[in-house]
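The values are calculated or read from the model by the stated rules, or taken from the named source; none is laboratory data. Remember, predicted model here, so these are calculated numbers, not experimental data. No Cβ is skipped: glycine too gets one built from the backbone with ideal geometry, and neighbour counts run over all protein chains shown. Protein only, heavy atoms only, side chains kept; ligands, DNA and RNA dropped before computing areas. Shrake-Rupley method; radii C 1.70, N 1.55, O 1.52, S 1.80 Å.
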Amino acid sequence: MPPPFDLLIRNGHVIDPAQNIDGIVDVGIREGRIASIGATLDAAGCKDVRDAAGTYVCPGLVDLHGHWYEGGLYGINAEIGLNHGVTTAVDAGTSGFANFPEFRRATIETSRARILAFVHVSFMGLHGPFAEELVDLRYARPRETAIVAAGNRDVAVGVKVRLGAMTADHGNQALDLAIDAAREAEMPVMAHVSAGADERYVLDHLRPGDILTHCFHGRTNRMLADTPEGFIPELKLARERGVIFDIGHGCGSFAWETAQRAFEHHFWPDTISTDLHRYSVDSPWLVNMPQVMSKFLCLGMSLKDVIAKSTIAAANVLGRASEFGSLRPGSAADVMQFRVRTGSFTFTDTHRAARHGDRLIEPVLTIRKGIAYKPGSVSVPLRQVYPCDRVVFDNV
Ligand SMILES: [Zn+2]
């Protein structure tokens with residue numbers, strides 16, 4: 001008889017919103033899957049028993065928006081998340097139909113992290129900050145995007161489009177083309193909104209299950225309004241219709257002021273994500289998932305809620321809740337152990353506005369497919385900075 005578990009995490013405070021667990025229980029792992037969860041599991045024969053007393057344990061984090069294809073200027077290695085509790089890293093359209101097969105072969109299939117990806121409606125995905133991917137609408141190829149997305153359904157999860165300066169004055173047409181591709185592939189669209197996007201049009205056209213990312217981007221955000229409701233009517237209608245609102249923090253897309261106003265009007269995000277890429281990973285932003293999550297504790301959200309929006313909510317958006325996002329027996333053995341440090345911590349938004357919080361989520365261990373990684377143990381070299389990158393770094 002083999003021992004029941006390869007790895008047993010004992011005495012941790014488990015928060016698993018999908019199963020409504022919020023208390024001290026053990027988690028047993030066998031052959032890369034959650035084998036059992038419950039009070040005082042039998043450790044007999046288990047070679048790796050870890051005492052998690054005094055810390056929290058939750059499902060491995062699902063980062064719904066990052067950039068993990070290093071064949072372009074934005075991408076970084078998704079394994080960086082193994083230092084931060086992230087076990088599922090979703091690529092938000094760093095590649096398009098032309099380079100997705102290479103992204104899949106060289107990165108998705110070889111990474112120690114689980115990588116899923118939105119395929120950009122622009123043929124090569126993200127270009128560069130000096131001339132973005134849809135300044136010329138001829139780059140948008142809905143037919144080919146749909147063929148590649150549908151043909152890679154095991155790892156492709158939707159169609160990406162960015163609306164704002166990168167779509168010049170044809171943002172609404174770009175959104176229409178992305179929706180055409182998504183409809184043909186029977187997948188959701190993830191629409192990035194930034195300065196220059198026509199928010200009313202976007203909110204009116206996104207379908208149930210489609211995702212609007214950068215929902216709390218600052219200053220030019222026209223979704224909030226000085227009305228008694230606090231926002232434009234299209235926002236409420238979109239939420240009622242089932243549109244998903246995602247954070248996508250990044251280096252320009254999270255403003256305390258916007259988030260605070262939204263919270264005051266009872267408008268919360270559906271999913272918390274980093275928009276981690278070559279720029280936001282670097283100083284001064286230094287974005288990572290536990291940091292972004294801590295900002296939502298700072299805004300008054302409960303720990304359980306923050307965990308839910310960083311795990312099962314994202315898995316649900318992707319239609320993959322049976323595979324990951326919870327600690328249900330049979331799910332992948334993707335786990336985050338963390339502590340919540342108390343003290344005085346300074347958090348800054350992407351406009352360099354500071355707020356002080358009294359709690360910080362600090363990763364202790366990441367388990368992906370049953371293998372444990374300590375913070376800092378996964379080294380991820382970053383590509384060099386070029387003169388063209390200064391467009392981003394100097395605009396802080
Ligand atoms: Zn992004």
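For the range 1-26, how many residues are open to solvent by 30 Å² or more (accessible area, probe 1.4 Å), more than 19 Å from Lys304 (Cβ to Cβ) and touching a residue at least 60 places away in the same chain (Cβ under 8 Å)?
Of the residues in that region, 1 qualify.
Only one of (1) on the phi < 0 side of the Ramachandran plot; (2) modelled with pLDDT under 95 is not met by Ile24, so which one is it?
In the conditions (1) on the phi < 0 side of the Ramachandran plot; (2) modelled with pLDDT under 95, Ile24 misses (2) alone.
Considering only the range 150-172, state which residues are within 16 Å of the ligand (Cβ to nearest atom) and surrounded by fewer than 17 Cβ atoms within 10 Å (Cβ to Cβ).
Ala165
Please verify whether Ala43 is free of Cβ contacts under 8 Å to residues at least 24 places away in the same chain and open to solvent by 10 Å² or more (accessible area, probe 1.4 Å), treating the condition exactly as stated. Don't jump to the end; show me each part of the working.
On the way: free of Cβ contacts under 8 Å to residues at least 24 places away in the same chain: no; open to solvent by 10 Å² or more (accessible area, probe 1.4 Å): yes.
The answer is no for Ala43.
Out of (1) open to solvent by less than 10 Å² (accessible area, probe 1.4 Å); (2) in contact with a His (Cβ under 7 Å, 6 or more places away or on another chain); (3) in a strand (DSSP E or B); (4) not aromatic (Phe, Trp, Tyr), the odd one out for Leu175 is which?
(3)
Counting only residues that are among the aliphatic types (A, V, I, L, M) and within 16 Å of the ligand (Cβ to nearest atom), which one in the range 50-67 is nearest to Arg368 (Cα to Cα)?
Kept after step one, since they are among the aliphatic types (A, V, I, L, M), are these residues of the range 50-67: 52-53, 57, 61-62, 64.
Those left that are additionally within 16 Å of the ligand (Cβ to nearest atom): 62, 64.
Numbers: Val62: 12, Leu64: 17 Å.
Among those that are among the aliphatic types (A, V, I, L, M) and within 16 Å of the ligand (Cβ to nearest atom), it is Val62.
Have a look at Thr87, Thr110 and point out the one that is under 21 Å from the mean Cα position of the chain (by Cα) and part of a strand (DSSP E or B). Spell out how you get there, then give the answer.
Values: Thr110 fails: part of a strand (DSSP E or B).
Sole residue among the options that is under 21 Å from the mean Cα position of the chain (by Cα) and part of a strand (DSSP E or B): Thr87.
Take the residues in the range 232-247 that are in contact with a Leu (Cβ under 8 Å, 6 or more places away or on another chain) and assigned to a loop (DSSP other than H, G, I, E, B); name whichever of them is surrounded by the fewest Cβ atoms within 10 Å (Cβ to Cβ).
Checking each candidate, the answer is Ile232.
Please give the number of the condition Val49 fails out of (1) open to solvent by less than 50 Å² (accessible area, probe 1.4 Å); (2) of a type in the set (A, V, I, L, M); (3) out of contact with any His (no Cβ under 9 Å at 6 or more places or on another chain); (4) part of a strand (DSSP E or B).
Val49 satisfies every listed condition except (1).
Kindly provide the set of residues from the range 326-349 that are open to solvent by 10 Å² or more (accessible area, probe 1.4 Å) and closer than 22 Å to Glu362 by Cβ, ordered by number.
Gln337, Arg339, Val340, Arg341, Thr342, Gly343, Ser344, Phe345, Thr346, Thr348
Only residues that are surrounded by fewer than 13 Cβ atoms within 10 Å (Cβ to Cβ), aliphatic (A, V, I, L, M) and under 22 Å from the mean Cα position of the chain (by Cα): list them for the range 350-396, please.
Across the range 350-396, the qualifying residue is only Leu382.
Are there any pairs, at least 6 apart or on different chains, whose C-beta atoms fall under 7 Å, with the first in the range 250-265 and within 11 Å of Gly218 (Cα to Cα) and charged (D, E, K, R) and the second in a loop (DSSP other than H, G, I, E, B) and within 16 Å of the ligand (Cβ to nearest atom), and if so, which?
Filtered contacts from the range 250-265: Glu257/Gly218.
I want to confirm something. Restricting to the range 72-95 and keeping residues that are open to solvent by less than 10 Å² (accessible area, probe 1.4 Å) and among the small types (Gly, Ala, Ser), which single residue is farthest from the ligand (Cβ to nearest atom)?
Here the answer is Gly85.
I'd like to verify a number: residues in the range 248-272 that are outside any loop (DSSP other than H, G, I, E, B) and surrounded by fewer than 20 Cβ atoms within 10 Å (Cβ to Cβ), how many?
Matching residues across the range 248-272 total 5.
Name the residue that is least open to solvent (accessible area, probe 1.4 Å), counting only residues in the range 178-200 that are closer than 22 Å to Leu224 by Cα and in a helix (DSSP H, G or I).
Only one residue fits best here, namely Glu199.
Here is a yes/no grid of residues against (1) in contact (Cβ under 8 Å) with a residue 12 or more places away in the chain; (2) within 20 Å of Asp210 (Cα to Cα); (3) open to solvent by 20 Å² or more (accessible area, probe 1.4 Å):
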| position | (1), (2), (3) |
| --- | --- |
| Asp275 | yes, yes, no |
| Ser294 | yes, no, no |
| Leu297 | yes, no, no |
| Leu318 | yes, yes, yes |
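Which one of His120, His127 is under 22 Å from the mean Cα position of the chain (by Cα), open to solvent by 40 Å² or more (accessible area, probe 1.4 Å), within 14 Å of the ligand (Cβ to nearest atom) and not aliphatic (A, V, I, L, M)?
Numbers: His120 fails: open to solvent by 40 Å² or more (accessible area, probe 1.4 Å).
Every option except His127 fails the conditions.
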